[in-house]
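Have a look at the structure below before the remarks.
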Amino acid sequence: PSSFLQTRPPVAHSVFAMVDLSNFLEANAAMPFPAMEVARSPHLPCVPVDANATDSNSATDVLDLWRQQKQIPAPFVWPNADARPSSMLELDVPVVDIGAALHSAAGMGRAAAQVAEACASHGFFQVTGHGVDPALARAALDGAADFFRLPLATKQGARRSPGTVEGYASAHADRFAAKLPWKETLSFSHNHDDVGARGNSHVVVDYFTSALGDDFKHLGEVYQEYCEAMEEASLAIMEVLGMSLGLGRGYYRDYFADGSSIMRCNYYPRCPEPDRTLGTGPHCDPSALTILLQDGDVDGLQVLVDGAWRFVRPKTGELVVNIGDTFMRTVALWDSC
């Protein structure tokens with residue numbers, strides 16, 4: 001499963017965590033066209049430059065590009081066919097009360113029916129009662145903002161090595177030569193079976209202190225707690241998914257209970273030519289689920305349904321969930337992309 005959140009600082013950034021087979025927690029800060037990475041097939045528009053805006057990030061790869069030039073470099077240019085649509089309709093997604101589902105048979109019956117219908121048509125639904133503390137989500141979001149404001153030299157202390165998933169990277173330039181996304185990322189692992197009794201694991205804290213030093217211990221503690229909270233939310237959603245398929249509450253929960261996760265923080269700076277590039281291009285998520293936590297009226301999630309792009313309206317405190325390719329290929333009745 002996965003999760004995302006959105007907010008409104010001067011520049012767009014996001015946090016995304018993977019729980020179970022892949023659980024994404026995405027924190028997306030927004031500007032007029034917020035950029036949000038999501039597993040499905042979204043266009044993730046690039047944030048336009050505000051000529052009067054200032055940015056406290058003193059030295060980053062992508063930011064330096066738009067400070068120094070009026071045109072984006074060729075590797076960041078996307079063909080016109082990939083440009084975001086000028087207008088979209090809203091995607092109608094059901095709101096599922098996970099809390100009620102876990103505490104009553106009637107609530108579970110309603111939730112299972114809603115999820116079954118949504119997964120058969122487009123694979124998206126929203127959930128309430130998920131139990132993620134809003135203050136913790138805000139702390140994770142603020143932590144991402146703090147990290148990406150650091151000087152480039154500091155961030156490169158956590159530079160991702162080739163062939164690994166952990167570390168800092170800019171625009172995926174180490175993997176691609178063209179159609180680069182206009183973003184920076186920080187990724188790190190979290191394994192559910194490392195936790196044991198809640199709060200006893202320090203795997204995320206250890207990553208931050210080893211990669212960036214003891215000054216980053218508190219940030220690691222924030223993300224350690226966040227990953228554990230998102231694990232619980234994702235496993236609750238797994239119970240509903242199991243019931244929606246007639247497999248029982250424990251079928252998927254037990255299977256994913258000892259899964260591994262990747263937490264990813266994404267940063268989408270303003271762009272001098274937002275119509276020529278994307279924060280993240282259209283794609284499908286190969287994981288089991290994607291869970292997004294959005295903030296207020298900040299949108300950016302776009303979904304391809306029946307050949308047309310549709311947007312998912314953000315609702316404060318709700319998670320947006322979509323099934324990934326893993327579920328689609330396991331359950332022939334469900335749709336991923």
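Quick check on my filter: what residues within the range 102-137 are over 13 Å from N322 (Cα atoms), of a type outside the set (A, V, I, L, M, F, W, C) and loosely packed, with under 14 Cβ neighbours inside 10 Å? Correct list: H103, S104, G109, G131, D133, P134.
Residue count for the range 212-238 under the criterion of being over 19 Å from L293 (Cβ atoms) and surrounded by 19 or more Cβ atoms within 10 Å (Cβ to Cβ): the result is 3.
State all residues of the range 122-170 that are among the aromatic types (F, W, Y) and over 30 Å from L241 (Cα atoms); if no residue qualifies, say none. Don't jump to the end; show me each part of the working.
Narrowing the range 122-170 to residues among the aromatic types (F, W, Y): 124-125, 147-148, 168.
Within the range 122-170, F147, F148, Y168 qualify.
Only the coordinates and a few stated rules stand behind these numbers; no lab work does. Quick caveat, the model's predicted, so the values are computed rather than measured. Ideal geometry is used to build each Cβ from the backbone, glycine not excepted, and the neighbour counts take in all protein chains shown.
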